[in-house]
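The values are calculated or read from the model by the stated rules, or taken from the named source; none is laboratory data. These numbers were taken from a predicted model, which means no experiment stands behind them. Here the Cβ positions follow ideal geometry from the backbone for every residue, glycine too, while neighbour counts run over all protein chains shown.
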Ligand SMILES: Cc1cc2nc3c(=O)[nH]c(=O)nc-3n(C[C@H](O)[C@H](O)[C@H](O)COP(=O)(O)OP(=O)(O)OC[C@H]3O[C@@H](n4cnc5c(N)ncnc54)[C@H](O)[C@@H]3O)c2cc1C
């Protein structure tokens, strides 16, 4: 019988492992992939602010690009630049970043089994018996606590009896090439909007040391073709960036842009994408995934020490999360509903009127500036109505 079995060694799983092992709990991580961190399903962007807030240090080898802001492009190509301390960040090398997180957990005392998949679990005498399949065949692991850090396709929540499947409209489909030879200002991430660019999503270029992540996320229901075809079209239509560029990797995945599931059950906690904790506006989830694990570990420590791992005790984690992120996430969901109503001409209006700092406020769900701007920019009125009407 171990204290804590963590399913998945992404950012959420390895931060949880380090937090638990460093508190002296017997901690095991199972990861179905043969290599931690690869293949990535991510554009690898993260803000310094997010990292500092949760107190995570990144090994220099895990950093592939340093960013001082974002350039946002309306469908016509009109550009708005966002800069400032809040916008500074990194483009990571996730293969290295995730291995570094795992190494830190191992140093703290956690054990890891790679190429080992959790395939089911059942409750027995107040503990969980988790079946795993790995290089040496199948085995059962008895544990007091199971942490589902198994990403967007999480099974742990489902096995624990939680409702984990969301409306299809709350998932975005992401597709991405890592490309060499891209000609884009490497101090910025570049974001492109428009119904024909990426329906109800956006396209991006995230520059790295000698390549760039070039991808897009769309809402399939609003799309006329597959995400892959939008990406090919985007690359064809932007010779200024991609004239001499070639793909060196292709990857993709789903982004759960609405948080809906319960995060705990008896002896079970869900962290990161498994609990759909990404930012519902831009789909970034690495920082939130790691932060959820920091919070979950504080509650798990108390519960394990008391020997009481019922849902009623573990629910404190869900409350903590809601206190910190609940209100902001609800506002961002409302903002997302508004952005989904915008047509291409509305993006042009916004690009004409808003400055970088206004857009930053928007992404932080601070809408008051928008209403104040109405006094001087009456052309915002129709957009304000779209925002207020729900
Ligand atoms: C195209 C795309 C671009 C993105 N870009 C960004 C970005 O730029 N910045 C950002 O912050 N976020 C981005 N995200 C989101 C980000 O990738 C996730 O929010 C983040 O990876 C969540 O971390 P996690 O540890 O919860 O899950 P994951 O990173 O998905 O890790 C889950 C792990 O669990 C393992 N696993 C799953 N099932 C099992 C099982 N049964 N047994 C054992 N192991 C299992 C998986 O193999 C995986 O290693 C992007 C997502 C996509 C799809």
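All of 137, 151, 174, 181 fail the test of being on the phi > 0 side of the Ramachandran plot and within 9 Å of the ligand (Cβ to nearest atom), apart from 151.
Considering the conditions (1) farther than 17 Å from residue 21 by Cβ; (2) exposed (fewer than 15 other Cβ atoms within 10 Å of the Cβ), residue 67 is excluded by exactly one of them, (2). Beta carbons closer than 8 Å, at least 6 apart along the sequence or on distinct chains, pair a first residue in region 164-183 that is at pLDDT 95 or above with a second that is part of a loop (DSSP other than H, G, I, E, B) and within 14 Å of the ligand (Cβ to nearest atom) for 176/43; 178/208. Being at pLDDT 95 or above and within 16 Å of the ligand (Cβ to nearest atom) is a property that holds for residue 270. Please specify each residue of region 27-49 satisfying the condition of being in a loop (DSSP other than H, G, I, E, B) and either without any contact (Cβ under 8 Å) to a residue 60 or more places away in the chain or near the ligand (Cβ under 9 Å from one of its atoms) (or both). If the condition is that a residue be in a loop (DSSP other than H, G, I, E, B) and either without any contact (Cβ under 8 Å) to a residue 60 or more places away in the chain or near the ligand (Cβ under 9 Å from one of its atoms) (or both), then 32, 33, 36, 37, 38, 40, 41, 42, 43, 44 are the ones that fit. Taking the criterion of being within 21 Å of residue 172 (Cβ to Cβ) and surrounded by 14 or more Cβ atoms within 10 Å (Cβ to Cβ), the residues of region 248-262 that qualify are 249, 250, 251, 252, 253, 254, 255, 256, 257, 258, 259, 261. Put simply, of 225, 295 the only residue that is outside the structural domain of residue 197 (by TED's automatic domain parsing) and more than 11 Å from the chain's Cα centre (by Cα) is 295. Which members of region 274-297 meet the condition of being under 21 Å from residue 311 (Cβ atoms) and within 9 Å of the ligand (Cβ to nearest atom)? Answer for region 274-297, where residues must be under 21 Å from residue 311 (Cβ atoms) and within 9 Å of the ligand (Cβ to nearest atom): 274, 275, 277, 292, 293.
Which residue is farthest from the ligand (Cβ to nearest atom), if the candidates are limited to region 9-18 and must be in contact with a helix residue (DSSP H, G or I) (Cβ under 7 Å, 6 or more places away or on another chain) and closer than 13 Å to residue 272 by Cβ? Here the answer is 17.
The one condition from (1) away from the ligand (no atom under 15 Å from the Cβ); (2) at negative phi that residue 125 does not meet is (2).
Residue 206 meets the conditions (1) under 30 Å from residue 360 (Cα atoms); (2) within 11 Å of the ligand (Cβ to nearest atom); (3) out of contact with any helix residue (DSSP H, G or I) (no Cβ under 7 Å at 6 or more places or on another chain); (4) modelled with pLDDT under 95 in every case but one. The failed one is (4). Set side by side, the residues 252, 284 differ, and just one is over 21 Å from residue 162 (Cβ atoms), touching a residue at least 60 places away in the same chain (Cβ under 8 Å) and in a loop (DSSP other than H, G, I, E, B), which is 284. The residue list 107, 142 contains one member that is modelled with pLDDT of 95 or more and in contact with a strand residue (DSSP E or B) (Cβ under 7 Å, 6 or more places away or on another chain), which is 142.
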